[in-house]
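The values are calculated or read from the model by the stated rules, or taken from the named source; none is laboratory data. Since we're looking at a predicted model, the values are computed, not measured. Quick reminder, even Gly has a Cβ in these numbers, built from the backbone with ideal geometry, and neighbours come from all protein chains shown.
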Amino acid sequence: MEGLTSDSIRRAIPRLKAKLEACAGELNELDGALGDGDLGVNLARSLERLNGDAAALPEDVGLALLRCAQAFTSIAASTYGTLVATGLMAAAKAAKGRTAVPWAEVPALLEAAREAMASRGKAQLGDKTVLDAVEAARRAAEGLEAPAALVEAAGQGVAAAMDALRERPFRQGRARIFGAKGIGRDDPGMVAFQRMVEGLAG
């Protein structure tokens, strides 16, 4: 495959939809312990909306990613949905005007996404948020050119980051009010990102 294209995005969407529908309950439960408890259902609804629009995605990869971002802003009106949309819009800007982005450049898209998400959410690496998951995926995918290897490495990177941060308190969002009680808990946003990577595997 020549790289990330609108066609590869179209084919990934149903897999992401199925994965997020399957783990919606898990994500709701994790989110409910720290927040509103609707993370799973909001993500599943966003992917359902996106799946309905998949056939009409533009061939321009940047415009296709922008359409994906719009699905999250229209359905997942939450902090996490906004961050995901922000990251997708940053990646869209980097890919605009191209019908294919080499797989080796995917880490650069993840970096653009992470920087935009950090600016929007006022978070930093190490705060135990989805930013740490995105950065872990980016680092793990550096230098890889085969999509299957890239996804596998990203998944391993995210899992390692979650292991490393699990015994730290939360430092951002509503979860930070839990203080030491957050130690031993996984960040729901990181778990959601991990599940999305798992949905792309294979």
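Summary of values
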item	result
Exclusive hit being in contact (Cβ under 8 Å) with a residue 12 or more places away in the chain, under 18 Å from the mean Cα position of the chain (by Cα) and surrounded by fewer than 19 Cβ atoms within 10 Å (Cβ to Cβ), set Ser46, Ser78	Ser78
Lone qualifier among Ala94, Ala71 - being modelled with pLDDT under 95, assigned to a helix (DSSP H, G or I) and on the phi < 0 side of the Ramachandran plot	Ala71
In region 1-59, the residues that are polar (S, T, N, Q), in contact with an Asp or Glu (Cβ under 8 Å, 6 or more places away or on another chain) and within 27 Å of Lys128 (Cα to Cα)	Asn28
Some residue of region 119-142 being at pLDDT below 90 and touching a helix residue (DSSP H, G or I) at 6+ places or on another chain (Cβ under 9 Å)	yes
Identity of the residue in region 86-97, over 17 Å from Gln194 (Cα atoms), free of Cβ contacts under 8 Å to residues at least 60 places away in the same chain and crowded, with 17+ Cβ neighbours inside 10 Å, that ends up farthest from the chain's Cα centre (by Cα)	Ala94
Any hit, region 120-135, residues being without any contact (Cβ under 8 Å) to a residue 24 or more places away in the chain, more than 22 Å from Ser6 (Cα to Cα) and either in a helix (DSSP H, G or I) or of a type in the set (Ser, Thr, Tyr) (or both)	yes
Gly157 being assigned to a helix (DSSP H, G or I) and more than 22 Å from Val61 (Cα to Cα)	yes
Unmet requirement for Leu83, which otherwise passes all of (1) under 23 Å from Ala71 (Cα atoms); (2) part of a loop (DSSP other than H, G, I, E, B); (3) at pLDDT below 95	(2)
Boolean, Ala55 is touching a residue at least 40 places away in the same chain (Cβ under 8 Å), farther than 17 Å from Ala92 by Cβ and not in a loop (DSSP other than H, G, I, E, B)	yes
Extreme residue, nearest to the chain's Cα centre (by Cα), among residues of region 128-150 that are more than 16 Å from Ala192 (Cβ to Cβ) and buried (at least 18 other Cβ atoms within 10 Å of the Cβ)	Arg138
Condition check for Gly62: buried (at least 22 other Cβ atoms within 10 Å of the Cβ) and part of a helix (DSSP H, G or I)	no
